[in-house]
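The values are calculated or read from the model by the stated rules, or taken from the named source; none is laboratory data. Every value quoted in this text rests on a predicted model; they were computed, and no experiment measured them. No Cβ is skipped: glycine too gets one built from the backbone with ideal geometry, and neighbour counts run over all protein chains shown. Areas reflect the complete protein model, heavy atoms only, side chains present, ligands, DNA and RNA absent. Shrake-Rupley method; radii C 1.70, N 1.55, O 1.52, S 1.80 Å.
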Amino acid sequence: MIIATTYWNGEIFQHFGHTQQFKLYEIEDNKVVSSRVIDNGGAGHEALTVYLKNLGVSKLICGGVGGGAIMALGRMGIETYPGNSGDSDKAVEAFLAGNLSSSTDPTCGHHDGGHSCQGGCHH
């Protein structure tokens, strides 16, 4: 399994569609066997969903993310864990321990006309 986090300077970046990097974690037997930081492939918003799918990502841990992106990720078979912040490695540890919940609820509403970001969207 490959888990991705939106990433910047060791932490979960707070806006999925604007992330410049992801950290990918390869998981075997519920343990991280390798990780690497990659750029976003020059994509933004929904194009990122195809990029992540092509990398083999099945889970995404992120901060703020809009409803359209969550739906697009779901269509790609990527389960979303939004509303997270802080250290990327610790978030993956929390996921592996069963302490993160997936959600289809957006945590960044500005794409729908409002602008109510939970988890601290940075614009």
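Consider ILE61 carefully, then state whether it is within 12 Å of the chain's Cα centre (by Cα), modelled with pLDDT of 95 or more, open to solvent by less than 20 Å² (accessible area, probe 1.4 Å) and of a type in the set (Val, Ile, Thr). Spelling it out, ILE61 is indeed within 12 Å of the chain's Cα centre (by Cα), modelled with pLDDT of 95 or more, open to solvent by less than 20 Å² (accessible area, probe 1.4 Å) and of a type in the set (Val, Ile, Thr). Taking each residue of segment 71-84 that is in a helix (DSSP H, G or I) and looking for partners that are among the charged types (D, E, K, R) and surrounded by fewer than 23 Cβ atoms within 10 Å (Cβ to Cβ) with beta-carbon atoms closer than 7 Å, six or more apart or interchain, yields ALA72/GLU46. If I filter segment 46-57 for residues that are farther than 17 Å from GLY83 by Cα and assigned to a loop (DSSP other than H, G, I, E, B), do I get at least one hit? Yes. Tell me which residues, restricted to segment 68-81, are open to solvent by 20 Å² or more (accessible area, probe 1.4 Å) and not hydrophobic (A, V, I, L, M, F, W, C). Of everything in segment 68-81, those that are open to solvent by 20 Å² or more (accessible area, probe 1.4 Å) and not hydrophobic (A, V, I, L, M, F, W, C) turn out to be GLY68, GLY74, ARG75, GLY77, GLU79.
Conditions (1) among the aromatic types (Phe, Trp, Tyr); (2) free of Cβ contacts under 8 Å to residues at least 24 places away in the same chain; (3) surrounded by fewer than 16 Cβ atoms within 10 Å (Cβ to Cβ); (4) out of contact with any Lys or Arg (no Cβ under 9 Å at 6 or more places or on another chain), marked per residue:
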site: MET1; (1), (2), (3), (4): no, no, yes, no
site: PHE13; (1), (2), (3), (4): yes, no, no, yes
site: GLY17; (1), (2), (3), (4): no, no, no, yes
site: LEU24; (1), (2), (3), (4): no, no, no, no
site: ILE27; (1), (2), (3), (4): no, no, no, no
site: LYS31; (1), (2), (3), (4): no, no, yes, yes
site: SER34; (1), (2), (3), (4): no, yes, yes, yes
site: ASP39; (1), (2), (3), (4): no, yes, yes, yes
site: GLY42; (1), (2), (3), (4): no, yes, yes, yes
